[in-house]
Amino acid sequence: MAGYKPGEQPNRLDIVKLNTNENPYPPCDEVMEELRRMSTEDLRRYPSSLAREFCETASKIHDLGMENIIATNGGDELLRLAITTFIDPGQPLGIADPCYSLYPVLADIQGCPVIQVPLDNQWEIPDDFSYRLNKYEAKMAIVVNPHAPSGRLTDAKRLAEIADEFRGVLLIDEAYVNFIDPELGYDSVRLVKDYNNILILRSLSKGYSLAGLRFGYGIAAEEIISPMLLKTKDSYNVNAVSQRLATAALMNIKKAEKTWEAVRKERIRLSIDFKDMGLSCEPSQSNFILVTVKDRWAGG
Ligand SMILES: *Cc1c(COP(=O)(O)O)cnc(C)c1O
């Protein structure tokens, strides 16, 4: 099999680094203060295997119960956990193409064939997405929303429709959800109350400026969360330091919101600049913009 190629992480200050979509602003002061407060005792002992404090904080923010949250070592661990828990080797995974290139690699590790359904020319999920995946008896479908690399947002109503029609688990990868314009009123989390086949991925890497910490979480009905939480994950999958810092980050969500607002402002400014330069770009609800580069720019 071919492994996943992680983005290059150059250690130089003279580079404007855009390749892995990190938040350009730092995490809030409270996160660093929590780090300074860590004691030797915190390191000597094992951490909470269920990341209790974090899950409590996250469940309050999302107005759900503790049983609806699982903390993971980055969103990436949740992807791996979900695939190994809900798809047996040989059973297919469905994806909307193009998408995050880690999905097919994880499917390959589990020995699962991948069914790729191409997005239409507006980067939208085609109407027959579920139908095509059901035909091949796919056990799980992954969609990334807002979509990478286009930045396009699928609304929650359409996601509910897909969950209704699809006969497996629908994993919605919301790594970039924090950058959505709040005026759009996007809310997929409430769907987990009505759909026991929806699993939402959240990450602290982009929205909370904590890619180095490695922390993400899943939101779903208890039937989806509990097998991963109690059976298939490593007992101590998130370490003591990351649990404390991630909790501090979520408790100070207002500080992170300021960075989301700043990213949205820059996104508009940059899109206008690109258009002024004669380059067309997709309307983005994320912290990146997909720009079509003309021939005269190529290699220039
Ligand atoms: C960044 C990202 C993730 C998860 O990243 P982690 O750093 O592992 O939390 C998941 N999906 C997409 C599409 C991403 O860009």
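Numbers for the structure displayed
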quantity: Vicinal HN-Hα couplings computed from phi for segment 130-146 (Karplus, 6.51 cos²θ - 1.76 cosθ + 1.60; Hz; Gly/Pro x); calculated: 5, 4, 5, 6, 4, 4, 8, 6, 5, 8, 8, 10, 10, 10, 9, 9, x
quantity: Among Leu119, Leu18, Leu191, residue whose mean-square fluctuation peaks in a GNM of the chain (springs only between Cα atoms under 10 Å); calculated: Leu18
quantity: Beta bridges per DSSP with both ends in the chain, % antiparallel, nearest 5; calculated: 35 percent
quantity: Extension gain (nm, one decimal) between Arg158 and Lys275, 0.36 nm per residue minus Cα-Cα; calculated: 39.1 nm
quantity: Positive-pole candidate from Pro283, Ile61, Leu213, dipole of the chain, charges at beta carbon; calculated: Leu213
quantity: Choice from Ile253, Ile219, Ile95 with maximal GNM fluctuation in the chain (Cα, 10 Å cutoff); calculated: Ile253
quantity: Per residue solvent-accessible surface (Å²) - segment 175-300, probe of 1.4 Å; calculated: 50 Å²
quantity: Protein accessible area in the chain, 1.4 Å probe - carbon and sulfur %; calculated: 51 percent
quantity: Net charge of neighbours whose Cβ lies under 12 Å from the Cβ of Gly7, counting Lys and Arg as +1 and Asp and Glu as -1; calculated: 0
quantity: Out-of-range pairs (alpha-carbon distance over 32 Å; input Lys135/Lys193; Lys5/Lys233; Lys17/Lys294; Lys5/Lys231; Lys233/Lys258); calculated: Lys233/Lys258
quantity: Listed residue pairs exceeding 24 Å between alpha carbons, taken from Lys206/Lys254; Lys60/Lys254; Lys157/Lys254; Lys139/Lys206; calculated: Lys157/Lys254; Lys139/Lys206
quantity: Å² of accessible area per residue within segment 34-78, as computed with a 1.4 Å probe and no ligands counted; calculated: 59 Å²
quantity: Net length gained if the chain between Asn121 and Glu222 were fully extended (0.36 nm per residue, minus Cα distance); calculated: 32.7 nm
quantity: At R0 = 30 Å, FRET efficiency that the Cβ-Cβ distance of Tyr25 and Asp108 yields, to 0.05; calculated: 0.25
quantity: Rel. contact order, % - alpha carbon contacts under 8 angstrom, at least six apart, segment 209-300; calculated: 15 percent
quantity: Under 17 Å from Lys255, Cα to Cα: aspartates and glutamates that are on another chain or at least 8 residues apart; calculated: Glu22, Asp29, Glu30, Glu33, Glu34, Asp181
quantity: Segment 110-198: GluC sites (Glu not before Pro) in DSSP coil with no more than 15 other Cβ atoms inside 10 Å; calculated: Glu124, Glu137
quantity: Candidates Ser150, Ser39, Ser226, ranked by Gaussian network fluctuation over the chain, Cα under 10 Å, top entry; calculated: Ser39
quantity: Contact order normalised by residue count of the chain, Cα under 8 Å, 6+ apart, percent; calculated: 25 percent
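The values are calculated or read from the model by the stated rules, or taken from the named source; none is laboratory data. Given the structure is predicted, the values throughout are model-derived calculations rather than measurements. We place every Cβ from the backbone using ideal geometry, glycine too, and count neighbours over all the protein chains shown. Areas reflect the complete protein model, heavy atoms only, side chains present, ligands, DNA and RNA absent. Shrake-Rupley method; radii C 1.70, N 1.55, O 1.52, S 1.80 Å.
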